[in-house]
Amino acid sequence: MKKLCVFAVVLLSLPFVLVGCGKEENVPLNCYSVEAVFDEESATLTCDEKITYFNSSANSLKEVCLFLYANSFTETSKSVTKAYLDKAYKWGESYGNITFDSVKVNGTVADFEISENQNILTVQTEEFFPGESVLIDLHFTLQLAKVRHRLGAGEHAYNFGNFLPMVCVYDNGFVTNDFSPYGDPFYSEISNFDVRITYPVGFVLASTGKVVSTQEGEAVVSVVKAKNVRDFAFVLSREFSVLSDKVGQATVNYFYYDDENAQAHLKTSLDALSTFNQLFGEYPYEVLNVVKTDFCFGGMEEPNLVMIADDLPDEETINYVIVHEIAHQWWYGVVGNNQFDAAWVDEGLTEFSSALFFEKNKQYGLDYQIIMQNSLEGYLHFRKIYIDITGKLDETMTRNLNQFDTEPEYVNITYTRGMLMFDFLRQTMSERKFAACLKDYYKAYKFKNSSPEKLVESFCKSSRTNLEGFFDAWLGGKVVFENFSS
Ligand SMILES: [Zn+2]
C-alpha cells in the first residue's frame, strides 16, 4: 500500500503444479475454486469457496486456520485510524462482515470456530499428514461496508481486495495475523485460483488472473483463472473505460473513469513493468491490471492488480503511486513476506524500487538523489517532532503493525527508513554487485515467502559480503541519521 504521508518524500508529502511453496518442497500448491455472485442492491457477495489444502508442514494436522480480512469492517474493528475516518467513510458509518452458512471438510459438515477478534476461522479436520490434502468447502455471505477501502462499496466502484478467507501460512503452527487500521496485515502462500463471478449487466470487471470466458444473459458470468498468485482480488464498476498495451508477453490494462490523462497513466504503468523486468527479473504473469478506483489511501497492491486512488492531487503523485504499487508485484506479489510482522521487507524495498524507477526514467522529472535527500530530511523532521512531543522514538524496523504507536511512526520507520537503508546499502558496494543482490533475491524467493532473515542472508550470499552488521544496525534502530545528514 502507499500512504500519502506528510513526511515522505515526493508526497512530501494446471492445478497441482509441482513447485516448492511451503515448508516442504514438491508439495502441490493449494487450490481455491470459487463461485461468487454479486448483488448490487444489497452490496453483498454470496460465495462458495472450495479449498484444496495440502499439508506442506512436517507435522500431521487436525485443523486449518484461515484469515478473515472481511471482518475488519465490523462495528468493533478499526479498519482505519481516526485521521482517515472521514475520507474512508465519507457517507457516514457503515459496517461489513462475513457470515458462514456452512463449513464442510471432505464433504462432511465440520466444526468451526471464529476467534474473538473475528480475524481467524479455525476449521476442524480429520488428522491429515504431510503431503496429504483436505477439501474445505465454505459457503458464506460477504456484506460490503460503504467505504473507500480495498474491500468496500464506493461511489464509482466495488472493491473486492482480500475478500476471500485465505488459509494462514503454516510455520510451526498457523500464523494468525491480527487486523490493523494501517498497513497490510496479509501473509499467504502462492496458490492457484479458479473463480466464477456473476454480476449485473453493465459492469466492467478488473481482476487478478486471466478472464478465460465471459457470458452475458440476465447477468454476466466471467470465469477467471489465476496461477501462482497469493490472493485473488477484483473490482467492478459501471464507469470503467479500458486502455491496453503490452510489455513483452504481459498485457497491461488501465481501468479508469474521469481521467483526461489516461493514456499517460497507461504509459507510466508500461514503463514501470518494463523497468522492473530489467532491474529484478521478468514479471511472470500474462496480465497486469492498473485500476483507478474509490480508495482512501494512495494505492493498494493485489496480485496482478493494483488499485490507484481516484482522488490523488496531481500527476506527480499519480505516477509515484502507480510505480510504487507496480513494484509491489515483485515485492509482495511474487516474493512474499509477512506484511503484518515485518512490513519493511516489502514496503521498504518497494519504496526504494520506486526511486530506482525514477532514476532510470528521468522523463518523469523526479531525481533519485533528490528523493533520497528529501526522504532523509523528512525523516529527520519527523524524528525531531516525534521526540519533542513524545520524548522518545523506537526506530527498530522489524515489528508487527500493532507494535507501532502511531501511523506516522509506522510509515516513517517502514517506508522511509526502509528506503534509506537500501540506498545506503547500495552505496557500500559496486553497482554490479548491488544489481545482482536484487536479481538473486527475486530469483531465490520467486513464488515463495521471504522474511527479514532470508532477505539478509540472500543479500550476503549474492554480494559475498557479511552484511549482518549493516542490517543489524539499521533494523535494530542503531543507525543515527544525524551522522549522515550534513
Ligand atoms: Zn506499498
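We did not get these values from a lab; they are worked out from the coordinates using the rules stated. Remember, predicted model here, so these are calculated numbers, not experimental data. Here the Cβ is made from the backbone with ideal geometry for all residues, glycine too, and neighbour counts use every protein chain on show.
Annotations
- Near-label residues of the stretch 61-86 by backbone N, under 17 Å of a point 7 Å along Cα→Cβ of Asn106: 61-65
- Among the listed pairs Lys439/Lys478; Lys227/Lys360; Lys2/Lys87, a Cα-Cα separation exceeding 20 Å is found for Lys439/Lys478; Lys227/Lys360.
- About the Cα centre, charge dipole magnitude for the chain (Lys/Arg +1, Asp/Glu -1 at Cβ), debye: 1360 debye
- Packing-based ranking, highest mean first, of 468-474, 132-138 given that Cβ atoms within 10 Å are counted: 132-138, 468-474
- Cleavage-rule hits (chymotrypsin sites (Phe, Trp or Tyr not before Pro)) in the stretch 37-124: DSSP loop, at most 15 neighbouring Cβ within 10 angstrom: Trp91
- Residue-span extension gain [Lys478 to Ser115] - 0.36 nm each, minus C-alpha spacing: 126.9 nm
- Viscosity 1.306 mPa s, temperature 10 °C, Stokes-Einstein D of the stretch 349-484 from Kirkwood C-alpha radius, µm²/s: 99 µm²/s
- A convex hull fitted to the Cα coordinates of the chain yields 142 cubic angstrom per residue.
- Spin-label proximity, Asp39 to the stretch 130-170 - amide N less than 14 Å from point 7 Å beyond Cα toward beta carbon: 140-144
- Remark: Arg196, Arg464 ranked as Arg464, Arg196, counting other beta-carbon atoms within 10 Å and listing the fewest first.
- Note on the chain: helix-only mean residue ellipticity at 222 nm, from DSSP H runs of 4+ residues weighted -39500 (n - 2.57) and normalised by residue number, equals -8500 deg cm²/dmol.
- Peptides 259-267, 428-436, 397-405, 346-354, ordered by how many other C-beta atoms sit within 10 Å of their residues on average, highest first, read 346-354, 397-405, 259-267, 428-436.
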